[in-house]
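Enquirer: Here it is, the structure in full.
Values quoted throughout were computed directly from the atomic coordinates according to the rules given, and no laboratory measurement underlies them. These figures come from a predicted structure and were not determined experimentally. Because the Cβ atoms are built from the backbone with ideal geometry, glycine has one as well, and the counts that use them run over all protein chains shown.
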Amino acid sequence: LKYLCLYDVDKDYNLIRLLPNSLASFGSLCISHDFKYASIIGPNDYIISVFDASNLNECLRINTLTNLSTNLGDANENSSGLLFSREAAIRLCYAPMELNQLVCITSSNRLLKFDSKSGRLLSAISRVHRSLTDCVSISYDGAYLVTSGDNCIKIWDYEMRLEKNYQVKIFHFKKLFIIY
């Protein structure tokens, strides 16, 4: 079952709050850099729910389908002119606090940047990778965005100001192990 739970670590891990069926997929939880907000993909694949991390009260709900169809106009068309249909959110990542942005990767490898306070769609970049994007991360200074997929790692200018769609394409790999 896909529950979101809040425990009190100071009081022997007593359960404070339980939200059943709130996660659409495992691994879809993201915590803001100031630890004030927790974002998840859920209750379905097209909704991003933002919670106050101290009590799990919902602060914001972002519908990725509504945002794509209403906020970008013709930007939600692919190269053949067909509208993207039902892009599921699959990865989330918070930008540093100064940027106030929540980044989402969709099932069709589109990178969406949302205002983390209002949920307004700020930009969308198509075809981040050819196949499924495995990971997304943002540098602490907000200068770079890193994605992995297609057996490679791409390092992007976070503001996407460069003419190329990415700055560096790092070696191909079969397996990547990240140690924290």
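Enquirer: Taking 23 Å as the cut-off for C-alpha to C-alpha distance, list the pairs among 117/154; 2/117; 36/117 that go past it.
Expert: Working: 117/154 28 Å; 2/117 25 Å; 36/117 12 Å.
Those over the limit are 117/154; 2/117.
Enquirer: What does the charge count around residue 23 come to, taking other residues whose C-beta lies under 12 Å from its C-beta (Lys +1, Arg +1, Asp -1, Glu -1)? Intermediate values should be presented prior to the final figure.
Expert: On the way: positive: 2; negative: 45.
Value of the local net charge: 0.
Enquirer: Can you tell me the length gained on complete extension of the stretch residue 54 to residue 9, counting 0.36 nm per residue apart and subtracting the Cα distance?
Expert: Between residue 54 and residue 9, full extension yields an extra 15.0 nm.
Enquirer: Using 0.36 nm per residue, how much length does the chain from residue 118 to residue 61 gain when fully extended, once their Cα-Cα distance is taken away? Present the calculation step by step, with values, prior to reporting the outcome.
Expert: Values: separation 57, 0.36 × 57 = 20.52 nm, distance 0.93 nm.
That pair, residue 118 and residue 61, stretches by 19.6 nm at full extension.
Enquirer: If you don't mind, there's one more thing I want to ask. With a Förster radius of 22 Å, plug the Cβ-Cβ distance of residue 159 and residue 31 into 1/(1 + (r/R0)^6) and report the FRET value to the nearest 0.05.
Expert: Result of the calculation: an efficiency of 0.40.
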